[in-house]
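The values are calculated or read from the model by the stated rules, or taken from the named source; none is laboratory data. Not measured: the values here are computed from a predicted model. All Cβ positions, even for glycine, are placed from backbone atoms using ideal geometry, and neighbour counts span all protein chains on display. Ligands, DNA and RNA are excluded from the accessible area calculation, which covers all protein heavy atoms including side chains. Shrake-Rupley method; radii C 1.70, N 1.55, O 1.52, S 1.80 Å.
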Amino acid sequence: MASLPDSAPPGIAPADRIQRFTLTERALHWMHASAFFALLVTGLILYLPALSTLISRRNLVKNVHIWVAVAWAVALVVIFVVGNRKRLAEDWREIETIDRDDRRWLRGRRAPQGRFNAGQKINALLTVAFALLFALSGFFLWLGERDHRFIFAGTGTVHDLLTFLSVGLLVGHLYLALIHPSTRHALRGMTTGEVDEDWARKHHAKWVEAERIASLHERSSP
Ligand code: HEM
Ligand code: HEM
């Protein structure tokens, strides 16, 4: 089924489907994921001597790593400038709010969840924090090679540590998105933009209820 355009009001989707992600959100996700994989592969080649020797073009790999980082930053700015900023701001507000239900959910209790469950909020917050720290430590690695006053002990270690931590996070993320039977339907939302309403109600009850009330208000207003 074709995805709705970015301008469509959230929640309005044919029949029993509900719009989950706008074009802007999907573009941001897939751009970030592609850049991350390219940086991970090139980073690992730089990190592992065996791979560096095998590829034997360390300088080329290093340049690709750095230019992908630049392209990632540019693409991020482009998406913020031309994309649906209102929706991204709503996402951010939702992600940074850990409410009572989220705290219960994190303690392993049953609690209704909003558009993002507490685990997804933590994943998103860590992804943002890691991206900033990757960019900062990577920038100083690059600058330190050009001006030795900017060589700081531990910058490389921070960069390496972030790599291991984010791979751990990613393995969990990919398991839930691609393998776990009850959550893998979410992939539909990140590809077409829509998910089944029944699935959404089961996993994100507070969100579906809020959408229902919003659409009732919309219909009743003149
Ligand atoms: C804006 C983002 C980033 C920038 C500016 C950046 C920059 C750099 C620079 C300048 C180096 C040093 C290259 C060298 O002299 O050997 C490096 C190495 C490396 N990067 Fe990144 N990087 C970024 C993101 C990432 C990401 C997302 C990952 C992994 C997911 C990553 C993994 C690595 C690894 C594993 C190394 C090798 C470190 C070592 O040899 O100990 N980088 N990066
Ligand atoms: C093939 C690779 C990937 C797949 C299949 C995938 C799949 C998904 C899906 C289906 C969602 C939506 C979940 C929902 O309905 O809420 C999602 C959200 C998200 N993804 Fe990915 N993803 C991939 C790679 C990545 C990478 C590399 C990162 C970051 C480094 C990332 C970060 C996020 C974040 C922060 C969210 C929102 C919070 C969450 O749902 O956990 N994803 N991803």
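List of remarks:
- Distances between every pair of Cα atoms in the chain, grouped in 10 Å steps from 0 to the bin holding the largest one, split as 7, 27, 32, 20, 11, 3, 0 percent.
- Restriction of the trypsin sites (Lys or Arg not before Pro) in the range 133-207 to DSSP coil positions whose beta-carbon has at most 16 other beta-carbons within 10 angstrom yields Arg184.
- Computed [θ] at 222 nm, helices only, for the chain once each DSSP H run of length n ≥ 4 contributes -39500 (n - 2.57): -23000 deg cm²/dmol
- Total lysine pairs in the chain at Cα distances under 30 Å, for residues eight or more apart or on different chains: 5.
- Cβ-Cβ FRET estimate between Arg93 and Leu44, R0 fixed at 30 Å, reported to 0.05: 0.25
- FRET efficiency for the Phe130 to Phe80 pair, using the beta carbon distance and R₀ = 22 Å, is estimated at 0.75.
- Charge dipole (debye, nearest 20) of the range 136-222; +1 at Cβ of Lys and Arg, -1 at Cβ of Asp and Glu: 100
- For the chain, a simple Cβ point-charge model (Lys and Arg +1, Asp and Glu -1, everything else neutral) yields a dipole of about 320 debye relative to the Cα centre.
- Where labels lie 7 Å past Cα in the beta-carbon direction, separation of Ser52 and Ser215 in nm: 5.6
- Area of Ile95 that stays accessible when all protein chains are in place (1.4 Å probe, Å², to 10): 20
- Calculated accessible area for the range 99-155 comes out at 66 Å² per residue, all protein chains present (probe 1.4 Å; ligands, DNA, RNA ignored).
- Rounded percent of accessible protein surface that carbon and sulfur make up, the chain, 1.4 Å probe: 68
- The HN-Hα couplings worked out from phi for the range 85-94 by the Karplus form 6.51 cos²θ - 1.76 cosθ + 1.60 (θ = phi - 60°) are 5, 4, 5, 5, 5, 4, 4, 4, 4, 5 Hz, whole numbers, x standing for Gly and Pro.
- Rounded to whole Hz, the Karplus (6.51, -1.76, 1.60) HN-Hα couplings of the range 172-181, x for glycine and proline: x, 4, 5, 4, 5, 7, 10, 10, 4, x
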